[in-house]
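Read through the structure below, which is laid out as C-alpha coordinates, and then see the notes.
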Amino acid sequence: ERIRNTAILSHPLTASERIRNTGILARSVRECLSPCGPGPAALPAPKLSVVVRPPVSSPDPTPADAVARYTSELYAALWDLSAGLSPTGSPPLDATVYPQLSPNVANERWVAVTAPALGTVVSSDAVLGWS
(Lines give C-alpha, C1' and ligand atoms only; values in the text may rest on other atoms or scores of the structure.)
Protein backbone atom coordinates (compact mmCIF):
# COMPACT_ATOMS: atom_id res chain seq x y z
CA GLU A 1 0.00 0.00 0.00
CA ARG A 2 1.28 3.46 -0.91
CA ILE A 3 1.50 6.22 1.67
CA ARG A 4 -0.49 9.33 0.80
CA ASN A 5 1.54 12.53 0.58
CA THR A 6 0.10 16.02 1.01
CA ALA A 7 0.86 19.44 -0.50
CA ILE A 8 -0.67 22.54 1.10
CA LEU A 9 -1.08 25.57 -1.16
CA SER A 10 -2.75 28.98 -0.81
CA HIS A 11 -5.05 30.22 -3.55
CA PRO A 12 -2.76 32.62 -5.46
CA LEU A 13 -3.57 36.27 -6.00
CA THR A 14 -0.17 37.31 -7.40
CA ALA A 15 2.42 35.91 -9.80
CA SER A 16 4.89 35.26 -6.96
CA GLU A 17 2.24 33.22 -5.10
CA ARG A 18 1.69 31.14 -8.27
CA ILE A 19 5.45 30.56 -8.56
CA ARG A 20 5.63 29.51 -4.90
CA ASN A 21 2.72 27.09 -5.39
CA THR A 22 4.39 25.60 -8.47
CA GLY A 23 7.55 24.98 -6.43
CA ILE A 24 5.59 23.34 -3.62
CA LEU A 25 3.69 21.19 -6.12
CA ALA A 26 6.88 20.14 -7.92
CA ARG A 27 8.58 19.20 -4.65
CA SER A 28 5.52 17.25 -3.54
CA VAL A 29 5.36 15.29 -6.79
CA ARG A 30 9.11 14.53 -6.57
CA GLU A 31 8.74 13.37 -2.94
CA CYS A 32 5.74 11.27 -3.90
CA LEU A 33 7.40 9.62 -6.88
CA SER A 34 10.93 9.26 -5.52
CA PRO A 35 10.41 6.11 -3.43
CA CYS A 36 8.58 4.43 -6.30
CA GLY A 37 11.27 3.77 -8.86
CA PRO A 38 10.55 1.38 -11.66
CA GLY A 39 8.78 -1.60 -10.23
CA PRO A 40 6.19 -4.25 -10.86
CA ALA A 41 3.00 -3.19 -12.58
CA ALA A 42 0.99 -4.55 -9.63
CA LEU A 43 2.42 -1.84 -7.36
CA PRO A 44 -0.31 0.71 -6.50
CA ALA A 45 -0.05 4.24 -7.83
CA PRO A 46 1.65 6.87 -5.64
CA LYS A 47 -0.95 9.09 -3.93
CA LEU A 48 -0.89 12.86 -3.47
CA SER A 49 -3.47 15.12 -1.83
CA VAL A 50 -3.31 18.83 -2.66
CA VAL A 51 -5.06 21.15 -0.20
CA VAL A 52 -5.76 24.69 -1.43
CA ARG A 53 -6.21 27.21 1.39
CA PRO A 54 -8.14 30.47 0.97
CA PRO A 55 -5.91 33.46 0.06
CA VAL A 56 -4.23 34.87 3.15
CA SER A 57 -3.98 38.43 1.90
CA SER A 58 -7.63 38.87 0.86
CA PRO A 59 -10.51 39.23 3.32
CA ASP A 60 -13.04 38.80 0.49
CA PRO A 61 -14.25 35.32 -0.44
CA THR A 62 -12.81 33.91 -3.65
CA PRO A 63 -15.42 33.54 -6.42
CA ALA A 64 -16.43 29.96 -7.23
CA ASP A 65 -15.35 30.28 -10.87
CA ALA A 66 -11.83 31.31 -9.78
CA VAL A 67 -11.66 28.29 -7.47
CA ALA A 68 -12.78 25.96 -10.28
CA ARG A 69 -10.32 27.51 -12.75
CA TYR A 70 -7.37 27.20 -10.35
CA THR A 71 -8.33 23.63 -9.45
CA SER A 72 -8.24 22.79 -13.18
CA GLU A 73 -4.84 24.47 -13.50
CA LEU A 74 -3.53 22.35 -10.62
CA TYR A 75 -4.68 19.11 -12.24
CA ALA A 76 -2.98 20.16 -15.50
CA ALA A 77 0.24 21.00 -13.62
CA LEU A 78 0.09 17.68 -11.74
CA TRP A 79 -0.27 15.84 -15.05
CA ASP A 80 2.72 17.67 -16.56
CA LEU A 81 4.91 17.21 -13.47
CA SER A 82 4.12 13.55 -12.96
CA ALA A 83 4.61 12.78 -16.66
CA GLY A 84 8.03 14.42 -16.56
CA LEU A 85 9.15 12.84 -13.28
CA SER A 86 7.65 9.33 -13.39
CA PRO A 87 10.00 6.50 -14.24
CA THR A 88 9.05 4.58 -17.38
CA GLY A 89 6.62 1.78 -16.63
CA SER A 90 5.61 3.09 -13.20
CA PRO A 91 1.96 3.53 -12.28
CA PRO A 92 0.49 7.02 -12.78
CA LEU A 93 0.20 9.50 -9.93
CA ASP A 94 -3.11 9.30 -8.04
CA ALA A 95 -3.74 12.97 -7.14
CA THR A 96 -6.74 14.68 -5.57
CA VAL A 97 -7.16 18.45 -5.15
CA TYR A 98 -9.16 19.69 -2.15
CA PRO A 99 -10.05 23.39 -2.48
CA GLN A 100 -10.91 24.57 1.04
CA LEU A 101 -12.75 27.47 -0.53
CA SER A 102 -15.75 25.23 -1.21
CA PRO A 103 -18.50 25.10 1.40
CA ASN A 104 -18.49 21.29 1.69
CA VAL A 105 -14.76 20.71 2.31
CA ALA A 106 -13.31 19.72 5.69
CA ASN A 107 -10.99 22.19 7.38
CA GLU A 108 -7.24 21.72 7.61
CA ARG A 109 -7.35 20.04 11.03
CA TRP A 110 -7.58 16.69 9.26
CA VAL A 111 -3.87 17.02 8.40
CA ALA A 112 -2.96 16.96 12.12
CA VAL A 113 -5.31 14.04 12.74
CA THR A 114 -3.97 11.94 9.85
CA ALA A 115 -0.31 13.10 10.05
CA PRO A 116 1.00 9.74 11.35
CA ALA A 117 -0.37 8.02 8.23
CA LEU A 118 1.03 10.60 5.78
CA GLY A 119 4.39 10.09 4.09
CA THR A 120 5.16 13.79 3.63
CA VAL A 121 3.42 17.11 4.11
CA VAL A 122 4.92 19.87 1.95
CA SER A 123 3.79 23.46 2.52
CA SER A 124 5.41 26.87 2.22
CA ASP A 125 6.57 26.48 5.85
CA ALA A 126 8.46 23.29 4.95
CA VAL A 127 9.96 24.77 1.77
CA LEU A 128 11.15 27.86 3.65
CA GLY A 129 12.55 25.72 6.49
CA TRP A 130 10.10 26.91 9.14
CA SER A 131 8.93 23.42 10.06
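Under 5 Å from the amide H of residue 4 lie the amide H atoms of 119, each residue being 5 or more positions distant or on a separate chain, with H modelled from the backbone and absent for Pro and chain starts.
In this structure, the amide hydrogen of residue 98, modeled 1.01 Å from its nitrogen in the peptide plane, lies closer than 5 angstrom to those of 50, 51, 52, counting only residues at least 5 positions away or on a different chain. Residues 62, 6, 22 ordered from highest to lowest accessible area at a 1.4 Å probe: 22, 62, 6. Largest first, the residues 31, 17 sort by 1.4 Å accessible area into 31, 17. Here the 3J(HN,Hα) profile of region 10-26, calculated from phi with Karplus coefficients 6.51, -1.76 and 1.60 at θ = phi - 60°, is 10, 4, x, 10, 10, 5, 5, 5, 5, 5, 4, 4, 5, x, 5, 5, 4 Hz, Gly and Pro shown as x.
The values are calculated or read from the model by the stated rules, or taken from the named source; none is laboratory data. The shown structure was predicted, so the numbers you read here are calculated from the model rather than taken from an experiment. We work out accessible area using only protein heavy atoms, side chains counted, and drop any ligands, DNA or RNA first. Shrake-Rupley method; radii C 1.70, N 1.55, O 1.52, S 1.80 Å.
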